[in-house]
Amino acid sequence: MSTLTVLVADDQALLRAGLRRLIDTAPDLETVGEAGTGRQAVELARGLRPDLVLMDVRMPGLDGIKATELIRADPVTAGTRVVMLTTFDLDEYVYGALRAGASGFLLKDTRPGDLLEALRVVGEGQALLAPSVTTRLIGEFARREPAGIPARLAAGLTRLSGREREVLLLVARGLTNPQIAERLGIGQATVKTHVRSLLAKLAAHDRAQLVIAAYEGGVVTAGGRAPSAAVGDFGEGG
């Protein structure tokens with residue numbers, strides 16, 4: 001069994017200690033460091049190169065969003081995935097965190113077992129699109145973005161087939177691969193092929209980025225209703 005390494009970043013020492021103890025109870029997860037600031041998280045990520053960073057959104061100085069952006073943009077740590085921790089399910093910072101390259105987010109009151117499973121999901125290269133507020137929140141804050149589609153995204157969207165646009169729409173609405181397969185009457189393997197193609201054409205590193213691309217590209221109406229999902233229902237990767 002391979003072990004996923006985790007860096008915990010939070011400005012509250014007590015919470016960091018609790019998260020570290022929880023993570024280290026799992027045989028397939030190992031905490032390799034703790035950071036009390038965003039700047040320290042960036043430095044430790046570069047030095048330790050963990051598989052995952054469990055990152056608090058709000059930290060003094062360099063916040064979790066900027067720290068995530070720096071980690072994801074650095075070639076040394078580009079392979080490190082970030083899961084954001086937030087106190088409120090409608091925290092306005094979450095949309096920015098996903099745009100910065102985070103693979104998802106969790107509330108700080110998430111059940112311990114769900115948190116561990118979330119780390120595994122992201123560590124396997126999938127995107128964490130739970131709890132159900134994720135797509136609703138992205139739609140809410142996408143509506144506040146300046147008008148206009150980024151040129152790179154616009155170019156990618158023109159390359160999509162009709163079926164790929166259908167799959168992108170359903171991904172953005174929070175459906176999993178099995179749900180998309182059932183909705184479109186195709187096999188799950190075919191859905192995975194389409195998701196992989198979407199990732200390549202839209203230069204997205206995971207499913208969370210596809211959701212954002214769908215909103216920014218106008219494939220989904222911002223603020224549109226998404227299917228609900230309980231905490232622990234994680235969007236599957238390609």
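The values are calculated or read from the model by the stated rules, or taken from the named source; none is laboratory data. Please read all numbers here as calculations on a predicted model, not as lab measurements. Glycine gets a Cβ as well: all are built from the backbone with ideal geometry, and neighbour counts include every protein chain shown. Surface areas here come from the heavy atoms of the whole protein model, side chains and all, with no ligands, DNA or RNA. Shrake-Rupley method; radii C 1.70, N 1.55, O 1.52, S 1.80 Å.
If I ask for residues that are open to solvent by less than 20 Å² (accessible area, probe 1.4 Å) and farther than 19 Å from residue 103 by Cα, which ones from the stretch 36-58 would you list?
Scanning the stretch 36-58 gives a single hit, 36.
Inspect the stretch 94-105 for any residue being touching a helix residue (DSSP H, G or I) at 6+ places or on another chain (Cβ under 9 Å), modelled with pLDDT under 85, of a type outside the set (Gly, Ala, Ser) and surrounded by fewer than 21 Cβ atoms within 10 Å (Cβ to Cβ) and give the result as yes or no.
So far as the stretch 94-105 goes, yes, one or more of its residues are touching a helix residue (DSSP H, G or I) at 6+ places or on another chain (Cβ under 9 Å), modelled with pLDDT under 85, of a type outside the set (Gly, Ala, Ser) and surrounded by fewer than 21 Cβ atoms within 10 Å (Cβ to Cβ).
Across the stretch 148-162, what is the total count of residues that are surrounded by 14 or more Cβ atoms within 10 Å (Cβ to Cβ) and modelled with pLDDT of 85 or more?
The qualifying residues number 3.
Identify all residues within the stretch 11-25 that are outside any helix (DSSP H, G or I) and modelled with pLDDT of 95 or more; write none if there are none.
Selection gives 25 alone.
Every residue, every condition in (1) more than 22 Å from residue 158 (Cβ to Cβ); (2) in contact (Cβ under 8 Å) with a residue 12 or more places away in the chain, yes or no:
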residue	(1), (2)
176	yes, yes
183	yes, yes
188	yes, no
196	no, yes
204	no, no
209	no, yes
215	no, yes
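Please name all residue pairs, on different chains or six or more residues apart, with Cβ atoms under 6 Å, provided the first residue is in the stretch 76-88 and is open to solvent by 10 Å² or more (accessible area, probe 1.4 Å) and the second residue is hydroxyl-bearing (Ser, Thr, Tyr) and in a loop (DSSP other than H, G, I, E, B).
Within 6 Å, the pairs are 81/103.
Residue by residue through the stretch 39-71, note down the ones that are among the polar types (S, T, N, Q) and closer than 23 Å to residue 114 by Cβ.
Correct list: 68 only.
Within the stretch 34-89, how many residues turn out to be in a loop (DSSP other than H, G, I, E, B), within 15 Å of residue 122 (Cα to Cα) and of a type outside the set (S, T, N, Q)?
Residues meeting the conditions: 4.
For the stretch 179-206, give me the residue count where each residue is buried (at least 18 other Cβ atoms within 10 Å of the Cβ) and assigned to a loop (DSSP other than H, G, I, E, B).
Adding up the residues that qualify gives 3.
Confirm whether residue 176 is open to solvent by 40 Å² or more (accessible area, probe 1.4 Å) and hydroxyl-bearing (Ser, Thr, Tyr).
No, not satisfied.
Could you please give the count of residues in the stretch 19-35 that are without any contact (Cβ under 8 Å) to a residue 24 or more places away in the chain and open to solvent by less than 30 Å² (accessible area, probe 1.4 Å)?
Adding up the residues that qualify gives 0.
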